[in-house]
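Structure record follows, encoded as structure tokens.
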Amino acid sequence: MTNEAPTSLQLDALREMANVGCGHAASALSRLVGNRSVNIEVPRALVVDVDDLTQVVGGNQRQVVAATLKIEGQLAGRVMMVLEEGDAHRLCELLLNAKSGGKLNDSERSAFSEAANILASACLSAIGELTGLRLLPSPPVVDEEDAASVVEELLHRSDPSVGVAVVLQTRFTASAALPFEGQLLVIPHPASLKRLLERLGV
């Protein structure tokens with residue numbers, strides 16, 4: 001791909017693709033928490049300088065729990081599930097039917113990781129069906145840090161030469177006895193973006 005930013009038409013196509021993928025992820029999350037209602041916002045397609053990625057996940061001081069998965073197969077990139085600390089505990093309580101607080105214990109980290117894996121798999125499967133590309137998530141890596149550190153870890157695991165990223169981002173909310181909300185982000189590697197846009201016909 002050239003260094004040119006995606007056109008508005010291309011961003012619209014990416015947003016629609018994200019809408020399909022994130023819709024499937026929300027359905028998977030709903031089943032995971034006992035068929036409670038999970039709503040998603042219309043996804044945004046953002047062109048972000050990597051130095052500004054922290055703001056996308058809530059700012060430097062925001063304490064979050066994030067699961068990062070590498071996109072494997074015919075595209076490269078990352079999928080992230082990000083929840084504020086309190087929301088992550090409420091999700092774990094729903095998954096494990098046990099009180100959660102402080103740093104996640106091994107069972108909670110495992111449950112959070114598995115939830116992220118299920119969401120990412122549903123999202124990438126739907127995007128794969130739409131584009132005809134075979135996409136699989138790697139095992140998740142879970143970080144409990146401030147947002148700035150999470151983004152730093154994400155960039156450390158990605159290509160450090162990348163200066164600008166296209167970020168497909170949506171927020172989800174679950175209306176349960178223990179309501180929680182979070183974000184799902186799909187970040188295609190710039191080298192894969194051209195192929196993705198070709199498959200979307202833009």
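The values are calculated or read from the model by the stated rules, or taken from the named source; none is laboratory data. Computed from a prediction, not measured in an experiment: that's the story for all the values here. In this analysis, Cβ positions are derived from the backbone assuming ideal geometry, glycine residues included, and neighbour counts consider all displayed protein chains.
Remarks
- For region 129-159, a residue qualifies if it is more than 16 Å from the chain's Cα centre (by Cα), closer than 21 Å to CYS22 by Cβ, assigned to a helix (DSSP H, G or I) and of a type outside the set (D, E, K, R), and the qualifying residues are LEU130, THR131.
- Applying the criterion of being among the small types (Gly, Ala, Ser) and either in a helix (DSSP H, G or I) or at pLDDT 90 or above (or both) to the residues of region 78-107, the residue that is surrounded by the most Cβ atoms within 10 Å (Cβ to Cβ) is ALA88.
- Across region 152-177, the number of residues qualifying as modelled with pLDDT of 75 or more and among the aliphatic types (A, V, I, L, M) comes to 5.
- Residue list for region 32-63, restricted to those being closer than 24 Å to LEU14 by Cβ and part of a strand (DSSP E or B): VAL38, ASN39, ILE40, ARG44, ALA45, LEU46, VAL47, VAL48, ASP49
- Condition check for GLU114: under 20 Å from GLY23 (Cα atoms), surrounded by fewer than 21 Cβ atoms within 10 Å (Cβ to Cβ) and of a type in the set (Asp, Glu): yes
- Only residues that are crowded, with 17+ Cβ neighbours inside 10 Å and under 10 Å from the mean Cα position of the chain (by Cα) were counted in region 167-190, giving 10.
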